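Here the structure is laid out as structure tokens; the discussion comes afterwards.
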Amino acid sequence: MTITQLRYIIAVDTHRHFARAAESCYVTQPTLSMQIHKLEEELGITIFDRSRKPLQPTDIGMQILEQARTVIIEEKRIEEIIQQHKGEIAGEFKLAVIPTVASSLLPRFLKCFVSQYPKVNLQIEELQTKTILERLKNGLLDAAILATPLNNDGIMEKPLYYEPFMGFTPMGHRLFKEKFLDNSDLEPDDILLLHQGHCFRDSVINLYGALFEKKKEDNVTLESGSFETLVKLSKQGFGMTLVPYLKAIDLKTIEPEGTVKPFSRPQPMREISIIHHRTHLKISIIDALAKCIQENIPEHMLSNGEGEVIKPY
């Protein structure tokens, strides 16, 4: 049994496809298949049920895969322990960021981080929360930035900032002249949402609860995967939308005065955290990321003040 063989079976389990697994490991499919077959022969068990499409691990295979992931994680930690001993902030670091955070947060801190920590090979990917949690579990990510709380015992959460919800009301909208928005003024039929899978959508629905169950069925259902599209649809007369504070700051530079407005107190807001597996060792890089982020966002966002944190799920 070798570390390489364990990496191969983890890759196959991740992709559920031998060719894609081989590609991810930078080897040919025959090489990968041969090594997995050798491992199965050595152990005297079948790890994958190849008759199923897509292929699935057997019951004993799932147990082997769980242990294999533990071995690979522990193997990676040897290098991390050495780096920590030397006081180095260096090495490869895989970070995921949810889409509703990435576009407004990354430009604010990334240049700072790269200049201060040039020895860190930071690899960033936009992913939705469900995929992030799966990849953290499988050891394919080091950390992620997303909305919390998650209430997941296997995950550590380090809050970074608290981001108020803001309303975008186009010119001519019934609430355009209001200085502040109040929850009682909003109507679910008038609110454009991100499509399913985005936690900001879930937060908005959680904010208004049962009201969204009464949302009328129109001849056109408008949902989108980006705030930019929602704002454009809103300007076309399809309603208003809600955006997080950092996105609202960006909008204020290009939209007419009065279109972006806050809520009255207590302001609804979301908690944004950097999360990682409880047993993770790259804490020095995680702390460095948190420091750069908090130094490059408005100071009032570092605490929730008199706001109300809305659950994201």
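Partner lysines whose Cα lies under 19 Å from the Cα of Lys282, excluding those fewer than 8 positions away in the same chain, are identified as Lys76, Lys86, Lys94, Lys119, Lys137, Lys158, Lys291. Relative to the longest principal axis of the Cα atoms of the chain, helix 283-295 runs at roughly 20 degrees.
Counting Lys and Arg as +1 and Asp and Glu as -1 over every other residue whose Cβ lies under 15 Å from the Cβ of His85, the net charge comes to 0.
Note that region 103-112 has calculated 3J(HN,Hα) couplings of 5, 9, 8, 4, x, 7, 10, 5, 4, 4 Hz, one per residue in order, obtained from phi through the Karplus relation 6.51 cos²θ - 1.76 cosθ + 1.60 (θ = phi - 60°); glycine and proline are x. Packing here is the average count of other Cβ atoms within 10 Å per residue, and on that basis the peptides 305-312, 80-87, highest first, run 305-312, 80-87. Amide H to amide H, with H built 1.01 Å from N, Glu126 comes under 5 Å of Val97, counting only residues 5 or more places away or on other chains. When the helices in the chain are scored as -39500 (n - 2.57) per DSSP H run of 4 or longer and the sum is shared across all residues, what 222 nm value do you end up with, to the nearest 500 deg cm²/dmol? Theoretical 222 nm ellipticity from helices: -13000 deg cm²/dmol. With 0.36 nm allotted per residue and the present C-alpha distance subtracted, the Glu178-Gln29 stretch has 47.4 nm of extension available. For region 97-177, the list of trypsin sites (Lys or Arg not before Pro) that fall in a loop by DSSP and count at most 10 other C-beta atoms within 10 angstrom reads Lys119, Lys177. Taking a Cβ cut-off of under 15 Å around His37, the surrounding Lys, Arg, Asp and Glu residues balance to a net charge of -2, with basic ones at +1 and acidic ones at -1. Among residues other than Leu127 with Cβ under 14 Å from its Cβ, the summed charge is 0 (Lys and Arg +1, Asp and Glu -1).
Across Val27, Val204, Val114, mean-square fluctuation computed from a Gaussian network of the chain (C-alpha pairs under 10 Å connected) peaks at Val27. Extension gain, Ile73 to Ile45: 0.36 nm times the residue separation minus the Cα-Cα distance gives 7.7 nm. The gain in end-to-end length when the Met156 to Glu228 segment is fully stretched comes to 22.7 nm, 0.36 nm per residue minus the alpha carbon separation.
Sites listed here are GluC sites (Glu not before Pro) in region 8-75 whose DSSP assignment is loop and whose Cβ has at most 10 other Cβ atoms within 10 Å, and the list is empty.
When Met301, Met34, Met269 are arranged by Cβ crowding within 10 Å, least crowded first, meaning fewest neighbours, the order is Met34, Met301, Met269.
None of the figures in this text is laboratory data; all of them are computed from the coordinates on show. These numbers were taken from a predicted model, which means no experiment stands behind them. Cβ coordinates were reconstructed from backbone atoms using ideal geometry, including for glycine residues, and neighbour counts include every protein chain displayed.
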